[in-house]
Amino acid sequence: MRSGKTRSPRPGADLNVRGLARTGRFRRHWHVLLLFDADDTLWENNVYFERVIARFMQRLNHSQLSVAEVRARLNAIEHEHIVRFGYGVHSFARALCAAYSTLAEAPPDAAALEDVHILALTIAHEPIELLPAVVETLAALQPRHRMALVTKGDLAEQTSKLERSGLAPHFERVFVLPEKTAAAYRETVLALTGDPATTWMIGNSPRSDINPALAAGLRAVLVRHPDTWILEHEALAPAPAGHLIEVESFAALQKLF
Ligand SMILES: [Mg+2]
């Protein structure tokens, strides 16, 4: 779902929403709390999984099922594994092996499954590729607002990525949640002694960053990423005027906040 109605503010206009009226370019607004998603908001992530899946498809080379059919089966198996084992590369590797066992036209031997497992784990060794304008935008926003990172997934993996990104000093707290639900957002804002009405969740995923944040009474900014994971797609929930803003680039946050 990438075709939601655009709700961008007028270019250059000072925002008039509650809690965000600007009175000075560099005035600190400590009552405003900015929560940032990480994967595919601050740095590339899904593209590595997609590359591995493309190689998996080649390896499977199914004579009967189309690529779309194999992908649908893989998505279902991945979802089952997320429910059982959570997010992250190791859960994905298990899912990919399970998909290979299920879908291969000849029963795979242990060596073939080990190859699939190793293929999936290559994701863990990818370098951190920061998305455009992330460094300068976080640096510009940090003096003005409180900022925290709210990601989901495997604690060790997400912590390692944050360390390697060099972005950790921008955030006063880091939350690695098992799932981004409305309740989890409420607890996060409470832990930060923030006010939901002046807290903004910023991310690329309608399912994880936008809809549950809005349900928790937060405001949200959708920063589109052209390669958002299919399991993160979801229709945007209706939001009261001023509660949801869509921007086309991370750099646009500098004008919003
Ligand atoms: Mg994300």
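Coordinate-derived values only; no laboratory data. Predicted model only: the values in this text are computed from it and were never measured. All Cβ positions, glycine included, derive from the backbone under ideal geometry; neighbour counts span all protein chains shown.
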Worksheet, complete the sentence: Distance in nm between Leu130 and Phe85 label points, each 7 Å along Cα→Cβ, equals 3.3
Worksheet entry | For the range 82-108 and the range 207-242, distance of Cα centres in Å | 28
Worksheet item: Among Asp39, Asp227, Asp154, whose mean-square fluctuation peaks in a Gaussian network model of the chain (Cα, cutoff 10 Å)?
Response: Asp227
Worksheet entry | Extension gain from Glu234 to Ala215, taking 0.36 nm per residue of separation minus the Cα-Cα distance | 5.4 nm
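About its Cα centre, what dipole magnitude does the chain give when the only charges are +1 on Lys and Arg Cβ and -1 on Asp and Glu Cβ, stated in debye to the nearest 20?
Details: 28 positive and 29 negative charges, 273 e Å.
With Lys and Arg at +1 and Asp and Glu at -1, about 1300 debye.
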Fill in: Length gained when the stretch Asp195-Ala251 is fully extended (0.36 nm per residue, less Cα-Cα span)
17.7 nm
Worksheet entry | Sites Ala140 and Glu179 - FRET efficiency at Förster radius 35 Å, r taken between beta-carbons, to 0.05 | 0.70
Worksheet item: In whole Hz, what ³J(HN,Hα) sequence does the range 240-257 give by Karplus (6.51, -1.76, 1.60; θ = phi - 60°), x for Gly and Pro?
Response: x, 3, x, 8, 10, 10, 10, 10, 8, 8, 5, 4, 4, 4, 5, 7, 6, 10
Worksheet item: Using a cut-off of 20 Å between alpha-carbon atoms, which aspartates and glutamates can reach Lys255, once sequence neighbours fewer than 8 places away in the same chain are excluded?
Response: Asp14, Asp37, Glu136, Glu246
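Rounded to two decimal places and with Rh computed the Kirkwood way over Cα pairs, what is Rg over Rh for the chain?
Working: Rg = 19.7 Å, Rh = 19.4 Å.
So for the chain, dividing Rg by the Kirkwood Rh gives 1.01.
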Worksheet item: Listing Lys180, Lys255, Lys161 from the residue with the fewest other Cβ atoms within 10 Å to the one with the most, what is the order?
Response: Lys255, Lys161, Lys180
Response to the item:
Under the rule rounded for a/c under 1.5, else prolate if a/b exceeds b/c, else oblate, using alpha carbon gyration tensor axes a ≥ b ≥ c, the range 207-257 is classed as oblate
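Show that you can apply the helix-only estimate: for the chain, add -39,500 (n - 2.57) for every DSSP H stretch of four or more residues, divide by all residues, and state [θ] at 222 nm to the nearest 500. Don't skip to the answer; put the middle values down first.
Numbers: 9 runs with 99 residues, N = 257.
-11500 deg cm²/dmol, from helical runs alone.
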